1. Which of the peptides 203-212, 150-159 is most tightly packed, and how do the rest follow, going by the mean number of other Cβ atoms within 10 Å of each residue?
2. Equivalent ellipsoid semi-axes for the stretch 127-166, as square roots of 5 times the alpha carbon gyration tensor eigenvalues: give them largest first, rounded to whole Å.
3. Residue separation times 0.36 nm, minus the C-alpha to C-alpha distance between residue 59 and residue 198: what's the value?
4. Take the eigenvalues of the Cα gyration tensor for the stretch 22-163, scale each by 5, and report the square roots as semi-axes in whole Å, largest first.
5. So what is the calculated 222 nm ellipticity per residue for the chain, using -39500 (n - 2.57) for each DSSP H run with n of 4 or more, over all residues, to the nearest 500 deg cm²/dmol?
6. Modelling each spin label as a point 7 Å along the Cα-to-Cβ direction, I'd like the residue 52/residue 208 distance in nm, to one decimal.
7. Report the relative contact order of the stretch 82-162, percent, no decimals, based on alpha-carbon pairs under 8 angstrom and at least 6 residues apart.
8. Say a paramagnetic label sat at a point 7 Å from the Cα of residue 180, along Cα to Cβ; which residues of the stretch 77-100 have their backbone N under 17 Å from it?
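Values quoted throughout were computed directly from the atomic coordinates according to the rules given, and no laboratory measurement underlies them. Only a predicted model underlies this, so the values are computations on that prediction, with no experimental measurement involved. Ideal geometry is used to build each Cβ from the backbone, glycine not excepted, and the neighbour counts take in all protein chains shown.
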């Protein structure tokens, strides 16, 4: 897995020639590299959509923590709403919207857990206070008060005051392996450019189609 701060595009692409791209990952890397320079906050922020057991869609913002040709990775609590929904229906959709560039990328695909080694490696890079918060939070469960949460944080902090914080057993990550990409670029008068890449299975060849705006 390549960290979002270090991935390099194989062939430089510009906004003027993005419709000539023949595969989506290099194009995404080029757009993401531009977004890291132009977005004021969190260029790796993405909307993550899942579906609950009743078929009702659920969406929230998360942070992409790595991507390569295998997929897009994020981390959270396994017992969170998103974790429970992905355990039942391991499919998801992502949306990146970079307002500074007037671009968005939509991604859909299958989801699988990251390995314990990957989760351990990423957790070790988090600030210690964030590591402590991962232990103290019972994500998506009812919280009686902010004070109760702060007490839980204090208890965990006291436990690990002079030692490293291990990864909680209920905290890990997921990888979305794309089957569909759509690249959207704003044009005047809503005459936008839209390019779709799709494939039938991970590892299969990509097909490409231009879409009406």
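1. Details: 203-212: 10.4, 150-159: 13.6.
Final packing ranking: 150-159, 203-212.
2. Values: eigenvalues 74, 23, 8 Å².
Over the Cα atoms of the stretch 127-166, the semi-axes work out to 19, 11, 7 Å.
3. On the way: separation 139, 0.36 × 139 = 50.04 nm, distance 2.24 nm.
Taking residue 59 through residue 198 to full extension adds about 47.8 nm, to one decimal.
4. Numbers: eigenvalues 171, 77, 48 Å².
Output for the stretch 22-163: semi-axes of 29, 20, 15 Å.
5. On the way: 5 runs with 54 residues, N = 213.
Computed mean residue ellipticity for the chain: -7500 deg cm²/dmol.
6. Rounded to a tenth, the inter-label distance reads 4.1 nm.
7. On the way: 45 pairs, mean separation 14.8, N = 81.
Reported as a whole number, the value is 18 percent.
8. Only 90-96 pass the distance filter.
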